[in-house]
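Asker: Submitted below is the structure of interest, expressed as structure tokens.
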Amino acid sequence: MPEGPEIRRAADRLAEAVAGRPLVRAWFAFPALKHHEAGLVGRRIESITPRGKALLTRFDHGWTLYSHNQLYGTWKIAAAGERPATTRSLRVALDTADRSILLYSASDVSMWPSSTVDSHPFLAALGPDVLEPGLDAREVESRLGSPRFRGRALGSLLLDQRFLAGMGNYLRSEVLFDAGLHPARRPRDLDDGERGRLAGSLLAIPRLSYHTRGIAPADRMRDDYLGDAADAFRFQVFGREGQPCPACGSAIARIDAASRRLYLCPRCQPADRAAAAPR
Ligand SMILES: [Zn+2]
């Protein structure tokens with residue numbers, strides 16, 4: 001299951017392929033969307049942005065395509081007008097003169113006036129996205145302190161997209177390790193220093209992953225590459241059960257939290273705060 005950084009990188013690739021160029025054709029499999037096809041010709045895609053696991057494709061005539069891939073949906077990039085052979089069913093095709101973007105298998109697709117798309121029930125329930133540049137540590141700290149979230153165990157809260165969108169399972173382990181916090185602890189049990197550190201990690205770790213993870217060596221040579229090899233994203237604890245903690249050398253443990261695997265260092269992330277070692 002892709003997490004925020006991977007979803008955003010995929011959205012960036014779609015936007016690179018087609019944004020800013022006039023559409024020569026738009027096609028929807030859904031009868032309810034057919035009447036939008038003609039009006040999209042000649043229009044341009046302004047942006048393609050993830051919100052949690054949904055994707056918003058914003059057009060320059062005031063409309064936005066909402067799509068959610070759920071389990072099976074997938075976007076592909078193709079040469080203009082090309083329809084790759086596949087057993088998947090095509091649901092949306094947006095063609096420019098150079099490239100096309102194609103959505104397969106997704107069923108949760110709708111068109112919204114851009115000014116109202118935030119009222120979509122899925123989007124309205126989401127917390128702010130950790131990868132949105134405008135989100136700062138102060139706002140994350142204030143969410144941690146809110147009555148709605150402060151009594152929840154961090155292991156479950158950090159997967160809840162209503163708290164912060166764009167988080168996911170590997171990010172949860174890496175954020176908690178970075179902040180030195182055990183997943184059973186709750187925001188209301190944290191002191192100010194711990195809460196501040198957690199807010200910082202909740203922003204820094206997903207952003208580092210977005211900028212560096214999965215980047216091929218060739219990409220590192222590009223002028224617009226934002227990181228450098230020294231800060232490439234590597235898992236510190238996730239998937240590393242039994243290996244030494246990079247901070248203290250203790251064996252990394254694997255537990256289940258909120259029904260999903262979570263990796264932690266028992267020494268750097270003690271369940272009992274009194275035992276917490278300074279990091
Ligand atoms: Zn450790």
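The values are calculated or read from the model by the stated rules, or taken from the named source; none is laboratory data. Since the model is a prediction, treat every value here as computed from it, not as a measurement. Glycine also receives a Cβ, built like all others from the backbone with ideal geometry; neighbour counts cover every protein chain displayed. Only protein heavy atoms, including side chains, enter the accessible area calculation; ligands, DNA and RNA are left aside. Shrake-Rupley method; radii C 1.70, N 1.55, O 1.52, S 1.80 Å.
Asker: Provide the per residue accessible area, probe 1.4 Å, for the chain, rounded to a whole number of square angstrom. Intermediate results must be reported in sequence, preceding the final value.
Answerer: On the way: 13250 Å² over 279 residues.
Per-residue accessible area for the chain comes out at 48 Å².
Asker: Here is a follow-up. Percent of accessible area on the stretch 26-163 owned by carbon and sulfur, 1.4 Å probe?
Answerer: On the way: 3310 of 6430 Å².
Carbon-and-sulfur percentage of accessible area, whole number: 52.
Asker: From the C-alpha coordinates alone, can you work out the Kirkwood hydrodynamic radius of the chain, in Å?
Answerer: Averaging 1/r across every pair of different Cα atoms and inverting gives 20.5 Å.
Asker: So for the stretch 1-101, Kirkwood radius off the Cα pairs, Stokes-Einstein at 20 °C and 1.002 mPa s: how many µm² s⁻¹? Before the final figure, lay out the partial values.
Answerer: Working: Rh = 13.8 Å.
D, rounded to a whole number, is 155 µm²/s.
Asker: In nm², what is the average projected area of the convex hull enclosing the Cα atoms of the stretch 87-136? Each step should come with its number before you reach the end.
Answerer: Numbers: hull surface 23.6 nm².
Mean projected area for the stretch 87-136: 5.9 nm², to one decimal.
Asker: Name the residue farthest towards the positive end of the dipole of the chain from the options HIS68, SER47, GLY242, assuming +1 on Cβ of Lys and Arg, -1 on Cβ of Asp and Glu, about the Cα centre.
Answerer: GLY242
Asker: When the helices in the chain are scored as -39500 (n - 2.57) per DSSP H run of 4 or longer and the sum is shared across all residues, what 222 nm value do you end up with, to the nearest 500 deg cm²/dmol? Walk me through the numbers on the way to the answer.
Answerer: On the way: 8 runs with 72 residues, N = 279.
Rounded to the nearest 500, it is -7500 deg cm²/dmol.
Asker: Say each of ALA184 and ASP98 gets a label point 7 Å from the Cα, pointing the same way as Cα to Cβ; how far apart are those two points in nm?
Answerer: 5.6 nm
Asker: In addition: Once a ≥ b ≥ c are taken as the square roots of the eigenvalues of the Cα gyration tensor of the stretch 59-120, is the result rounded (a/c under 1.5), prolate (a/b larger than b/c) or oblate (a/b not larger than b/c)? Intermediate results must be reported in sequence, preceding the final value.
Answerer: Values: a/c = 3.51, a/b = 1.37, b/c = 2.56.
Taking the square roots of the gyration eigenvalues as a ≥ b ≥ c, the stretch 59-120 is oblate.
Asker: ILE77 to SER114: extension gain in nm, 0.36 nm per residue of separation minus the Cα-Cα distance? Mind showing how you got there, number by number?
Answerer: On the way: separation 37, 0.36 × 37 = 13.32 nm, distance 2.38 nm.
That pair, ILE77 and SER114, stretches by 10.9 nm at full extension.
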